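Undergrad: I'd like to ask some things about the structure below.
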Amino acid sequence: MNTKNNQRSKETEAKIETIFYKLLSEKHISKITVRELCEGAGITRSSFYGHYEDVYDLQKKVELKMTDEIVQIFQAEYDNHSSDFRVAIIQTIRYIEENKTFFLYFLQNCDLKNIFHIGHISELLTPVYQKEDESKLVFFVGGLNALLLHWLQTGCKESPEQLLDSLPQGYVWD
């Protein structure tokens, strides 16, 4: 039986996601068909529909997965490096670079246009930002997302370290 979390099911989802990223690099999601995804992944339509309702459900689930992975990477790096925000954000940006096709699409086309959400960052940065600093946090998260979009659009020419070093002194990690 092909249950949701067994190895075969995970492999099928990975194949679908790989084709999805490839197609996203070529065209808008509205032009991607289930047929293309199935042919590219070498699966049947019923197999696709066993995992997703449609292409937009696939997008939503990939967004949730990527957002969860970003938060986990950031939190792990933050915890492993004595709450060093700079190290955590560099590792997170490396993950974004490894998955740049999806994140470029995500930042250009999704409603919120945020990789980092205010809720996630405020939880992670509680020691740095206090409740009264909410305006600073909103500004920081908006700026970080805009910076990431620009970086992705220009081909990730700078390393994550260079990207952060280009920001004004006195940012969160100083």
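Every number in this text was worked out from the coordinates using simple rules, so none of it is lab data. The shown structure was predicted, so the numbers you read here are calculated from the model rather than taken from an experiment. Using ideal geometry, Cβ is built from the backbone for each residue, glycine included, and neighbour counts are taken over all protein chains shown.
Undergrad: Between residue 60 and residue 8, what FRET efficiency comes out of the Förster formula 1/(1 + (r/R0)^6) with R0 = 22 Å and r the beta carbon distance, rounded to 0.05?
TA: Result of the calculation: an efficiency of 0.45.
Undergrad: Of all GluC sites (Glu not before Pro) in the stretch 1-90, which ones are in loop regions per DSSP and have a Cβ with at most 12 other Cβ atoms within 10 Å?
TA: When the GluC sites (Glu not before Pro) of the stretch 1-90 are filtered for loop state and at most 12 Cβ neighbours within 10 Å, 53 remain.
Undergrad: Need one number: nm distance between label points at residue 31 and residue 80, each 7 Å from Cα along Cα→Cβ, rounded to one decimal.
TA: Reported label-point gap for residue 31 and residue 80 is 3.9 nm.
Undergrad: Label points 7 Å out from Cα along the Cβ direction at residue 53 and residue 146: separation in nm?
TA: About 3.4 nm, to one decimal.
Undergrad: Enumerate by residue number the trypsin sites (Lys or Arg not before Pro) in the stretch 1-66 meeting two conditions: DSSP loop (anything except H, G, I, E, B), and at most 11 other Cβ atoms within 10 Å of the site's Cβ.
TA: Of the trypsin sites (Lys or Arg not before Pro), the ones in loops of the stretch 1-66 whose Cβ has at most 11 other Cβ atoms within 10 Å are 4, 27.
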